[in-house]
Amino acid sequence: MLDKIKQMLDEVNALQAANMEEAEALRIKYLSKKGEITALMADFRNVPAELKKEVGMRINELKNLATERINQLKAAAACQETVADDIDLTRTPYPIHLGTRHPLTLVKNEIVDIFSRLGFTLAEGPEVEDDWHVYSSMNFADDHPARDMQDTFFVEAHPDIILRSHTSSVQARVMEKQQPPIRVICPGRVYRNEAVSARAHCFFHQVEGLYVDKNVSFKDLKQVLLLFAQEMFGPDTQIRLRPSFFPFTEPSAEMDVSCTICGGKGCSMCKGSGWLEILGCGMVDPAVLEANGIDSSVYSGYAFGMGIERIANLKYQVKDLRMFSENDVRFLEEFTAAN
Ligand code: DAH
């Protein structure tokens, strides 16, 4: 009996089945009511008492092995059949859920793209900056209120290291490394110590532009900004420049575009004025050129800076600034087809 079991163990170990039918035939051969292992178990009562323990163990071992082996063969056969029969490799896949670009990225890309077509190249600078690049080199007086803790985030224990509060710092980063002609467009995130509300946030995004060369005039600035406005908001868009003040430009101006909603007739968006403010600009103050190693008797330049959220709001009428950073996919998905 023990020899017979040993021989069957070898046999079972070597079992093979090409498909489900063959595997089932093996189950019937060994494990069904009339199967060989079942028969062996029926013979067990004829085993002499002193051998019963050993033979019992061996038979159980054989039965377990056979069950396991045949189940394995069945699983392999099932798997093969699925691959062969159930998978249609030509079928269109389930729709894959693609992510979308963030609306601010879309707007930033559009702005950068318009200026690249005008010959501006991309420049970037660090978000954690020093006072020199953010304020001093940009001609901010030592007691300028923007340097105040109310506006600026300071990096702990380093009064000189701050989070940049505008992208104008990238102007300094570019000028200190490069002599004119300079024509750069600098997008990036900026930080201000503001209470978060629908209309203000402690971080937002800007795009800075800088053009320095011989004989750059205010006319050049105005023409480039008009072109930008018409590319961004449509060919009928008009612009107007109002005198303003920034420490780093002289003269300085703020630019309005004709209202993107009513076209200038007056509506709730433009509060009846027909105009919407979109950016600050001006001729680079000679003191800024000098502070950054550029000879102001040879070169002149213009600069401008705008908020990306502001432009996005005008394009998409997003009422609450916080939506841009809350990452609610229902909001973000609205912009899939926008660009
Ligand atoms: N840095 C200014 C701000 O954050 C924006 C700005 C105004 C940038 C005028 C400029 C400029 O380059 O010429 O409000």
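The values are calculated or read from the model by the stated rules, or taken from the named source; none is laboratory data. Note that the coordinates shown come from a computational prediction; the quantities given were computed from them, not determined experimentally. With ideal geometry, Cβ positions are generated from the backbone for all residues, glycine too; neighbour counts draw on all protein chains shown. Just the protein is used for accessible areas: all its heavy atoms, side chains included, with ligands, DNA and RNA removed. Shrake-Rupley method; radii C 1.70, N 1.55, O 1.52, S 1.80 Å.
Quick rundown of the values:
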| item | result |
| --- | --- |
| GNM flexibility winner over the chain from A303, A200, A78 (Cα, springs under 10 Å) | A78 |
| Under 15 Å between alpha carbons - lysine pairs in region 2-85 that sit 8 or more apart or on different chains | 7 |
| Region 227-278-region 111-159 distance, computed between alpha-carbon centres (Å) | 24 Å |
| Accessible area in the full protein assembly, largest first, 1.4 Å probe, for E21, E54, E309 | E21, E54, E309 |
| Crossing angle, helix 218-233 versus the chain [Cα axis fit, 0-90 degrees, rounded to tens] | 40 degrees |
| Exposure rank, largest accessible area first [W132, W275; 1.4 Å] | W132, W275 |
| Rounded to the nearest 10 Å², the accessible area of S297 at probe 1.4 Å | 100 Å² |
| Most mobile listed residue (Y302, Y135, Y30) in the chain, GNM with C-alpha springs under 10 Å | Y30 |
| Under 27 Å from the Cα of K214 - lysines, other chains or at least 8 residues apart | K177, K222 |
| Helix-only CD estimate at 222 nm, as mean residue ellipticity for the chain, using -39500 (n - 2.57) per DSSP H run (n ≥ 4) | -11500 deg cm²/dmol |
| Qualifying trypsin sites (Lys or Arg not before Pro) in region 226-294, DSSP loop, other Cβ atoms within 10 Å at most 13 | K265, K271 |
| 1.4 Å probe accessible area per residue over the chain, in Å² | 56 Å² |
| Acute angle (nearest 10 degrees) that the helix 103-117 long axis makes with the longest principal axis of the chain, alpha-carbon atoms | 60 degrees |
| Total charge dipole magnitude, region 128-266, about the Cα centre, Cβ charges on Lys, Arg, Asp, Glu only, Debye to nearest 20 | 620 debye |
| Accessible surface of region 118-172, 1.4 Å probe, proportion on carbon and sulfur as whole % | 56 percent |
| Residue among Q317, I114, G209 farthest towards the positive dipole end of the chain, charges placed on Cβ | Q317 |
| Portion, in percent, of the accessible area of region 283-339 that falls on carbon or sulfur, probe 1.4 Å | 49 percent |
| Between helix 2-13 and the chain: long-axis angle, C-alpha atoms, 0 to 90°, nearest 10 | 30 degrees |
| 16 Å Cα-Cα reach of K108 towards aspartates and glutamates, excluding residues that sit fewer than 8 places from it in its own chain | E124, E208, E231, E309 |
| Cα-centred dipole magnitude for region 103-338, charges only on beta-carbon of K, R (+1) and D, E (-1), debye, nearest 20 | 920 debye |
| Share of carbon and sulfur in the accessible heavy-atom surface of region 2-85 [1.4 Å probe, %] | 55 percent |
| Among L26, M41, I96 the positive-end extreme of the charge dipole of region 1-120 (Cβ point charges) | M41 |
| Model label zone, N215; criterion: amide N under 15 Å from point 7 Å along Cα-to-beta-carbon; scope region 265-299 | 298-299 |
| Protein-only accessible surface order, largest first, of I161, I278 at 1.4 Å | I161, I278 |
| Per the chain, cysteines lacking a partner by the 4.7 Å Cβ criterion | C79, C186, C202, C281 |
| Value of relative contact order over region 69-192, rounded to a whole percent, pairs C-alpha under 8 Å and six or more apart | 29 percent |
| C-alpha center-to-center spacing [region 163-177, region 280-333] in angstrom | 12 Å |
